[in-house]
Amino acid sequence: MIEGLPISRILDLSIPADQRYLREAASSHPELLSLIEEYVDEYLSLFPQLDWRRVYSGGMLSIPTTRKHSISFDLLQMLRLAKSLKKLTPYSGYEKLVSGFRNPTQINSTYFEAVVGSWCVDRDVSVSIEFSPEVTVKGKCKRPDFLWHTRLGNLYCECKRNNLLESKLNARVEKLLSWLSMIYEEYGPWDASLRLDVRFERGSTNRIRDRFRTVVAQASAALKDGTHAGQTFREDDVSAVLRCRNEPVPQERESIQASIAKVGPVAQNLAEATHLNLRMSLAKYRQESVGRLLRDARTQLPPDSPSAVFVELGGYEAAQQKLQRLVGRPAYASTPWVSLWVHGEISSAIWQNGQQFDDRLLLTRP
C-alpha cells in the first residue's frame, strides 16, 4: 500500500479522467507522480487486461491467479517495473520474459526476473543480456532465465523466489498459538499484570503441545511459589518467560510472532491487555529454504560454464551464512557468484575467491 495516497473509488487507468484523478491524488508523492507522467502509457501497453489497470484504495492492484486466490502489487511497484521492462526491451528474448506475466502461476517469478535483469544491465561491467537461452544439462534442454554478457565474461543466471508465502507461516504460528492458549487457560488463574512470552526454535512440531504444556506448567508453578522473576522455563526447543505486560516484547530480526489480548469494555493499551505471546524463529527455515532454492537453480544451469544465482528470500543473517558455507564448497565451483535479495532489493552478494566474478559485478554504471 502507498501511504497517504487518497483514492476514494476504484480507478481504471485506461480512462483519461481516472488518470487525472490519480495524478491529483499523487501530487504529494514526487516519485509516483513522475512515474505516472512518464510510464503509465508504457504500463498500459504491457498490461492491457482489466485487472492490471484497476487501482484500489492505497494504489493497490489485485491480480487473480486462481478462482480463490490473487496476488497484490501497488501501483508504485508496477510503474517501476514498467520502467525496468522498457530498459530491457532491446535485448534478445524480451518477449519470452514478458510472456511470463500472462501466466498467473509465473507472475511473481517473472516480476523478480525483470527486476534482476534491469539491475544487471545497470552494472558497469554489463555488455548485454539474453533471456531464456537454450543450454544442455545432463543431456536435457534447459532454459536458464538469462545469459549475462559482461566485460568479465559470460554468466548464465537463474532467479529464484521463495514460493512459501509469509502468510502460510503466519497461519502456522496462529495455529500453534491457539494450542498454546488452551494449555495456558488450563493452568490459570494468572497474575493480570504479567505476560507469558513463549519462543519456539522452529524445530519439529512433533509433540509440540507436550513441550508447550511443560513450559506453561513450569511457569505456573514458579508463579505460585513466587520464584518466577527472571526465570526462563525450557523444554527442548521451547522456552518461556513471565514478564510485566508493560515490558516490551523482545524483538528478534528473523522471527514471526502472534499474541492474544483480553480487552474489556474500558479502553486500554493493547500491550497492557496482552497476556500471551508466541514467537517462532525463522532462522532454520530460511537456511533450509535458501539451500533448496540454490540447489534447484543449479539444475537449470550448465555445469561447465560460470553461473550466477539470484535468490529472493525474507531475512538476512541466517540465509547469508548458509550461502557463504555452500558457495565456498568445491562442488559449487561452477556457481561462483550468488546474491540474496529482500523485497526486490539486493541485500548481499557472495562470491568465490580467485576468480573474475567478484565485487565488480556490484558497481553501478557511471
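The values are calculated or read from the model by the stated rules, or taken from the named source; none is laboratory data. Bear in mind that the values here come from a model prediction, so they are computed numbers and not experimental data. Cβ: placed from backbone, ideal geometry, glycine included. Neighbour counts: every protein chain shown.
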Determine, yes or no, whether Glu24 is among the charged types (D, E, K, R), assigned to a helix (DSSP H, G or I) and surrounded by fewer than 13 Cβ atoms within 10 Å (Cβ to Cβ). yes
Is region 11-28 home to any residue that is of a type outside the set (Ser, Thr, Tyr) and under 27 Å from the mean Cα position of the chain (by Cα)? yes
Would you tally the residues in region 293-313 being hydroxyl-bearing (Ser, Thr, Tyr), closer than 21 Å to Leu152 by Cα and not in a strand (DSSP E or B)? 1
Quick check on Arg286: is it among the charged types (D, E, K, R) and assigned to a strand (DSSP E or B)? no
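For region 314-346, which positions are in a strand (DSSP E or B) and either closer than 16 Å to Asp296 by Cβ or at pLDDT 90 or above (or both)?
Trp337, Val338, Ser339, Leu340, Trp341, Glu345, Ile346
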Taking the conditions exactly as written (more than 17 Å from the chain's Cα centre (by Cα) and basic (Lys, Arg)), does Lys142 satisfy them or not? yes
Count of region 64-90 residues which are over 17 Å from Leu44 (Cβ atoms) and surrounded by fewer than 18 Cβ atoms within 10 Å (Cβ to Cβ): 11
With the condition kept exactly as written, say whether any residue in region 200-219 is in contact with a Pro (Cβ under 8 Å, 6 or more places away or on another chain) and either farther than 29 Å from Ser289 by Cα or not assigned by TED's automatic domain parsing to the domain that holds His275 (or both). no
Within region 39-58, which residues are loosely packed, with under 14 Cβ neighbours inside 10 Å, in a helix (DSSP H, G or I) and over 26 Å from the mean Cα position of the chain (by Cα)? Asp41, Ser45, Leu50
Does region 347-357 contain at least one residue that is within 14 Å of Leu293 (Cβ to Cβ), modelled with pLDDT under 95 and not in a strand (DSSP E or B)? no
Exactly one of these conditions fails for Glu113: (1) assigned to a strand (DSSP E or B); (2) touching a helix residue (DSSP H, G or I) at 6+ places or on another chain (Cβ under 7 Å); (3) charged (D, E, K, R). Give me its number. (1)
Which of the residues that make up region 212-239 are surrounded by 13 or more Cβ atoms within 10 Å (Cβ to Cβ) and among the hydrophobic types (A, V, I, L, M, F, W, C)? Phe212, Val215, Val216, Ala217, Ala219, Ala221, Ala222, Leu223, Phe233, Val238
In region 72-110, the residues that are hydroxyl-bearing (Ser, Thr, Tyr) and not in a strand (DSSP E or B): Ser84, Thr89, Tyr91, Tyr94, Ser99, Thr105, Ser109, Thr110
Every residue in region 63-122 that is of a type in the set (D, E, K, R), farther than 23 Å from Ser34 by Cβ and outside the structural domain of Val40 (by TED's automatic domain parsing), please. Glu95, Lys96, Arg102, Glu113
